[in-house]
């Protein structure tokens, strides 16, 4: 099988097969959204980490997990502690009914599902990270490329990946739908919306805000440990702890922690392409009736 997959990539079938794979992924995920949390009642232990894919998910999972253990959380793979109900390979992550193992009795729950499909309960907490969609696009292109390259022997075609975003058929879901849904809940006491930029600019302050949401008091040593272990340098040096639970057929895993930068899209996309992504996201937010201040955060 591996030899056959390598062969189709080398003879030029990689891109068509990638398109077919992505089409099936998009259709399957769209139909499955309403079933991800079916029957689940959030508990006081749950701290939902709600992001569009490639928006600092592992970063916030680490922040929540370390706060829950006063900066002393240890694990061989963060997905052994953090459930991810819609994971494409469920056997690679902790089940949703896994009891918390932290000193505070709290645990992170990872999800990329839009707000309307995530069960809401006043006793649970919800942390949302919003990232510039242009950087989401760039990070997802490199990440999915690492997975697909190992399967078909060829990365995704950039023009095709871009077309899927601006034509509103992006395999990883609608950035605007996800953002608008969670933004509408931002004033609830148990919902915290942060931007990727805020995390980059002032990690310590964001740690304080997440800890306050979780009701966890950190002493100076505990806060320092959380900040250190949530820094890009620490997480990059310990990248094996955050490996994607989606191994490629070739036995390798895509790079999860790549650069952690803002504005990375300028190295991949033209000015016109970046402007088109901005336009699509503005239009979609307006169509959804959202007052998310797009230009204040991500405009030119």
Only counting other Cβ atoms within 10 Å, I'd like 67, 78 sorted with the fewest neighbours first. 78, 67
Residue order, fewest to most surrounding Cβ atoms within 10 angstrom, among 216, 226: 216, 226
Along the principal axes of its C-alpha atoms, what lengths does segment 30-85 span, in descending order and rounded to whole Å? 38, 26, 17
Could you work out Rg/(2.2 N^0.38 Å) for segment 92-149, with Rg from alpha carbons only? 1.49
One finds, for residue 276 and residue 236 with R0 = 41 angstrom and r their Cβ-Cβ distance, a FRET efficiency to the nearest 0.05 of 0.85
Net lengthening on full extension, residue 169/residue 157 (0.36 nm per residue, minus Cα-Cα): 2.8 nm
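Here, each number is a calculation from the coordinates, and none is a lab measurement. On a predicted model such as this, the values are computed, not experimentally measured, just so you know. Glycine gets a Cβ as well: all are built from the backbone with ideal geometry, and neighbour counts include every protein chain shown.
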